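Here's the structure we're looking at; comments come further down.
The values are calculated or read from the model by the stated rules, or taken from the named source; none is laboratory data. Predicted model only: the values in this text are computed from it and were never measured. Methodologically, a virtual Cβ is constructed for each residue, glycine included, from the backbone with ideal geometry; neighbour enumeration extends over all protein chains shown. Protein only, heavy atoms only, side chains kept; ligands, DNA and RNA dropped before computing areas. Shrake-Rupley method; radii C 1.70, N 1.55, O 1.52, S 1.80 Å.
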Amino acid sequence: MSALEVGSVAPDFELDSTDGSKVKLSSFKGKKNVLLSFYPLDFTPTCTAQNCTYSQEYSKFEQFDTVVLPISIDSKFAHNAFREKYAMTHHLLSDIHRDATNKYDILFAPMNVSKRAYFLVGKDGLIKWLKIEDELSHSRTNDELLAAVKANVA
């Protein structure tokens, strides 16, 4: 369980993106809501399905002024191969040093990966909703995530 809760200030981080840039969470403050979507590993069945649906339905999140930032401990090189293999249109963030994973207190120590977890950060920089899955193979559907967005920041 994370020490963070609804109403907490979302810890800032800066991670490498597959678009070649560095993405800093605080750069969205006052501009966009952000759905942080931590996942364990590229190329695994649940993570692949989840990221493919983000690509297919990304515009649904944008309708609510929300950016989705999928994050895993994989390198940007693994992320690029993952995106290419599945023709993903969205970018992925590399937390290879587990900076964000540790700040959000969601390290799954037995495998040294992030737990599957979602943190909805409002334009004010506060956590509006969160869900940390009990099992690495569990995930939320886009409909469930969009419902959380609608209920908490829309």
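Numbers below:
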{"item": "Student exercise, segment 1-54 dipole from Lys, Arg, Asp, Glu Cβ charges, in Debye to nearest 20", "result": "260"}
{"item": "Set of aspartates and glutamates near residue 32 by C-alpha distance (under 15 Å), chain-local residues within fewer than 8 positions excluded", "result": "12, 62, 65, 124"}
{"item": "Sparse-neighbourhood loop sites, GluC sites (Glu not before Pro) in segment 77-154 - DSSP loop, at most 14 other Cβ within 10 angstrom", "result": "135"}
{"item": "Within segment 38-154: Cβ-based charge dipole about Cα centre, in debye rounded to nearest 20 (Lys, Arg +1; Asp, Glu -1)", "result": "100"}
{"item": "Prolate/oblate/rounded call for segment 56-154, Cα gyration tensor, a/c under 1.5 rounded", "result": "oblate"}
{"item": "Cα-based shape type of segment 80-136, given that a ≥ b ≥ c are square roots of the gyration tensor eigenvalues and the cut on a/c is 1.5", "result": "oblate"}
{"item": "Sulfur and carbon atoms: percent of accessible area, segment 17-88 [1.4 Å]", "result": "54"}
{"item": "Heavy-atom surface of the chain, accessible at 1.4 Å and reported per residue (Å²)", "result": "48"}
{"item": "Prolate/oblate/rounded call for segment 1-137, Cα gyration tensor, a/c under 1.5 rounded", "result": "rounded"}
{"item": "Residue 112 paired with residue 22, simple spin-label distance in nm, labels 7 Å along Cα-to-beta-carbon", "result": "2.4"}
{"item": "Debye intensity ratio I(q)/I(0), log10, segment 28-95, q values 0.23, 0.29 Å⁻¹ (C-alpha model)", "result": "-0.99, -1.36"}
{"item": "Furthest towards positive pole of dipole, 130, 82, 102, structure part segment 74-146, Cβ charges", "result": "82"}
